[in-house]
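Let me give you the structure first, and then I'll get to my questions.
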Amino acid sequence: MRLLHTSDWHIGRSLHGTDLLAEQEAVLSGLARIVTEESVDAVLVAGDVYDRAVPSADATAVLSRVVARIRRAGAEVVLTPGNHDSARRLGTFSELLAAGGLHVRAETAKLDEPVLLADEHGEVAVYGLPFLEPEVARHELGLTGGHGGGKSHEAVLATAMERVRSDLFLRPGARSVVLAHAFVGGGVPSESERDICVGGVDLVPAPVFDGVDYVALGHLHRPQTLSPRLRYSGSPMAYSFGEAGQQKLVWLVDLDAGGLSDVRAVPLPVPRPLTLLTGELDDLLADPAHAGVEEHFISVRLTDAARPVDPMRRLQARFPHCVHLEWTGAGAAGDGRSYQERLRGRSALEVAGEFVAHVRGVPASAAERELLSRALAAADRAEVAG
């Protein structure tokens, strides 16, 4: 049996307000090619299928097309909701979808009912654990005592895994796979994940998942191996500039007659890389060394002593996919005092001048101060007349 472990698709995600649906569909549609080239039997999606509980029509259309391509390539699809998804929405028509090869495991009460796959060695039981919000899941699981009363993610997942192992006990000889969306001890987070901390307790010890052949984890966006049988695939794309340059991948998981036999990384393509640029605006616009990144998603850190005029428009003339900008010039940080402290006892002209200096990083010129003085005088006359 050959499985493809993926997670955290986050369909519908944006990058600093820029839509990523085209790039997401390009990457996810490539999974069908991997299915064909590697003879994959099932694709696993360990949570956060969508980026929000109520996805847009365009996002649902992308998921529909991606799953259709994977199914035409010959693989079953098993997916579970993560903390970004609505389990009830994702699970709509799940029984009908299963008939077409899309298995959605979204009901807490049925988490110990596996998707049963088969090969020449017998059954493979695939258990999909939806994201278990402790305050909700502990009631659905009947957990009122033990495991800390079910008030942590560890408690509800421990109870869920007890149910999985009880069901697996009734399937002698079956190999087993669990999909789970959790922050497991030893994992390294990225800046693009939503916190799932509940009452300060979000970490789940790895031994909670003992007793199964492979655990396909989701939630952390960096691909990583906690043990040979316990892995995060990470997100298929970088969703923050903190992930720039990170190699995204999926895990190709092989099960033989005895259980887990091999796991291999398959790199994913990058339709539009993320790049960070630092420097003064004029240099960034003119430097030929940046020609190779002009079509990348760009985040710029400007170091000009004075804040440039209209920098984003000028940057986008060369870098059309520049989506983020910050100015770190000498005047950007200020002197640590609040506005109230810095402006106390000053005239209106001094306040206006201080604002200009704060925004631009350099004091207003004599001509600018004259313009400010005339504008303030006109405002005073208008107030008196009114």
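Sort out which residues of the range 27-61 are farther than 23 Å from ARG88 by Cα and part of a loop (DSSP other than H, G, I, E, B), and write them in order of number.
The answer is SER39, VAL40, ASP41.
Another one. Can you name every residue in the range 164-190 that is surrounded by 19 or more Cβ atoms within 10 Å (Cβ to Cβ) and basic (Lys, Arg)?
Result: ARG175, single match.
Given the options ASP310, ASP287, ASP282, ASP304, name the one that is more than 30 Å from ALA216 (Cα to Cα), among the charged types (D, E, K, R), touching a Phe, Trp or Tyr at 6+ places or on another chain (Cβ under 8 Å) and not assigned by TED's automatic domain parsing to the domain that holds SER29.
ASP304
Still on this model: Just give me the residues in the range 229-286 being of a type in the set (S, T, N, Q) and under 24 Å from HIS84 (Cα atoms), in sequence order.
Residues satisfying the conditions are SER233, SER235, SER240, GLN246, GLN247.
Residue-by-condition table, conditions (1) among the hydroxyl-bearing types (Ser, Thr, Tyr); (2) touching a residue at least 12 places away in the same chain (Cβ under 8 Å); (3) in a strand (DSSP E or B):
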{"site": "LEU284", "(1), (2), (3)": "no, yes, no"}
{"site": "ALA289", "(1), (2), (3)": "no, no, no"}
{"site": "GLY292", "(1), (2), (3)": "no, no, no"}
{"site": "VAL300", "(1), (2), (3)": "no, yes, yes"}
{"site": "ASP304", "(1), (2), (3)": "no, yes, no"}
{"site": "ARG307", "(1), (2), (3)": "no, yes, no"}
{"site": "ARG313", "(1), (2), (3)": "no, no, no"}
{"site": "VAL323", "(1), (2), (3)": "no, yes, yes"}
{"site": "GLU326", "(1), (2), (3)": "no, yes, yes"}
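May I pose another question? Is one or more of the residues making up the range 316-329 modelled with pLDDT under 90 and either of a type outside the set (Lys, Arg) or not assigned by TED's automatic domain parsing to the domain that holds ALA378 (or both)?
Yes.
Output the number of the condition that ALA22 fails; it satisfies all remaining conditions of (1) surrounded by 15 or more Cβ atoms within 10 Å (Cβ to Cβ); (2) among the hydrophobic types (A, V, I, L, M, F, W, C); (3) part of a helix (DSSP H, G or I).
For ALA22, the exception is condition (1).
If a residue has to be crowded, with 19+ Cβ neighbours inside 10 Å and in a strand (DSSP E or B) to count, how many in the range 245-255 make the cut?
Number of matching residues: 4.
Let me ask another. Residues of the range 259-276 being modelled with pLDDT under 95 and loosely packed, with under 14 Cβ neighbours inside 10 Å, which ones?
PRO269
Report the residue count in the range 24-66 for those that are among the basic types (Lys, Arg) and under 20 Å from LEU97 (Cα atoms).
Number of matching residues: 1.
Just to be sure, is ALA53 surrounded by fewer than 16 Cβ atoms within 10 Å (Cβ to Cβ) and in contact with an Asp or Glu (Cβ under 7 Å, 6 or more places away or on another chain)?
In short, yes.
For ARG194, are the conditions met, namely being at pLDDT below 95 and either of a type in the set (Lys, Arg) or assigned to a strand (DSSP E or B) (or both)?
yes
Starting from residues that are in contact with a strand residue (DSSP E or B) (Cβ under 8 Å, 6 or more places away or on another chain) and part of a helix (DSSP H, G or I), keep the ones in the range 81-107 and report whichever is farthest from ALA125 (Cα to Cα).
Looking at residues that are in contact with a strand residue (DSSP E or B) (Cβ under 8 Å, 6 or more places away or on another chain) and part of a helix (DSSP H, G or I), I get LEU90.
Here is a follow-up. Which of (1) out of contact with any Lys or Arg (no Cβ under 8 Å at 6 or more places or on another chain); (2) without any contact (Cβ under 8 Å) to a residue 40 or more places away in the chain; (3) part of a helix (DSSP H, G or I) is the odd one out, the single condition GLY242 does not satisfy?
(2)
Right, something else. Regarding the range 340-361, can at least one residue be identified that is at pLDDT below 95, in contact with a helix residue (DSSP H, G or I) (Cβ under 6 Å, 6 or more places away or on another chain), of a type in the set (Val, Ile, Thr) and not in a strand (DSSP E or B)?
So far as the range 340-361 goes, yes, one or more of its residues are at pLDDT below 95, in contact with a helix residue (DSSP H, G or I) (Cβ under 6 Å, 6 or more places away or on another chain), of a type in the set (Val, Ile, Thr) and not in a strand (DSSP E or B).
Still on this model: Hey, can you tell me all the residues within the range 116-145 that are in a loop (DSSP other than H, G, I, E, B), of a type outside the set (Asp, Glu) and more than 13 Å from GLY82 (Cα to Cα)?
Scanning the range 116-145 gives HIS121, LEU141, GLY142, LEU143, THR144, GLY145.
The values are calculated or read from the model by the stated rules, or taken from the named source; none is laboratory data. Predicted model, so just to flag it, every value in this text is computed and none were measured. Because the Cβ atoms are built from the backbone with ideal geometry, glycine has one as well, and the counts that use them run over all protein chains shown.
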